[in-house]
Amino acid sequence: MAEYHVKSNNSLSFEITKSSQLVGSLTYKSWFTFNAEIETAEHQRYQIEPKGFWGTTIELKNGEQVLLKFRMNWTGEIVIQTSFNGMKNGYVFKHRGVFKDSFVLTDQEGIELLVLKPNLSWKLMNYEYQIITTEHFETFPNKEILLITALHCANYYMSMMVGAVI
């Protein structure tokens, strides 16, 4: 089990740390867009881009290679499909709770891999997050990319829900 912290300096940039060590960052290109860039602590860069006419499918790319796709289904769950090193896996990212909001990432069998808890900083009007992962998740070879993608999914979910209310 590990604990990560996410801090936002502004609404466009998020840094993920574990024991005060930088794990990676998520930076959005501009407000009201899902285009973003992930950078790991090893300075690997990945692009996140919406695809399709309505932009309902989001892709994570390394150059032109698609490593990961996700989309929100009608029940509000985000279905994630990865393709790392030729191995395909599926995950579900979903909202849990009403008063104690959190998000959960599970594998295809429904086994919980991480819990992401948002905390709105009213002073700065930015979200911060606490992420708790399982021991099993910590063994994943591409856990940093999946962890930062989960952060993007949380932001995506909250944006979609605000858009649905407006």
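Data table
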item: Length released on extending from W74 to S13, taking residue separation times 0.36 nm less the Cα-Cα span; result: 19.1 nm
item: Cα-projected label distance for K61 with E42, points at 7 Å along beta-carbon direction, nm; result: 2.2 nm
item: Computed over the chain, Kirkwood Rh from alpha-carbon pairs, angstrom; result: 16.0 Å
item: Along the chain, longest interval not containing exposed GluC sites (Glu not before Pro), exposed being DSSP loop plus at most 11 other Cβ atoms within 10 Å; result: 110-166
item: The chain, helix-only ellipticity at 222 nm - DSSP H runs n ≥ 4, -39,500 (n - 2.57), divided by all residues, nearest 500; result: -5000 deg cm²/dmol
item: Range in the chain, longest, excluding exposed chymotrypsin sites (Phe, Trp or Tyr not before Pro) [loop by DSSP; at most 14 other beta-carbon atoms within 10 Å]; result: 123-166
item: nm² value of the averaged projected area, convex hull over the Cα atoms of the range 32-92; result: 5.2 nm²
item: Backbone HN-Hα couplings from phi across the range 4-16 [Karplus 6.51/-1.76/1.60, Hz, Gly and Pro as x]; result: 10, 10, 10, 10, 10, 7, 8, 6, 10, 10, 10, 10, 10
item: Unit Cα scatterers, Debye sum, the range 1-50: log10 I(q)/I(0) for q = 0.31 Å⁻¹; result: -1.15
item: The range 133-144 - phi-based ³J(HN,Hα) in whole Hz, Karplus 6.51/-1.76/1.60, Gly and Pro as x; result: 10, 8, 4, 4, 4, 5, 8, 5, x, 10, 4, 5
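We did not get these values from a lab; they are worked out from the coordinates using the rules stated. The shown structure was predicted, so the numbers you read here are calculated from the model rather than taken from an experiment. Quick reminder, even Gly has a Cβ in these numbers, built from the backbone with ideal geometry, and neighbours come from all protein chains shown.
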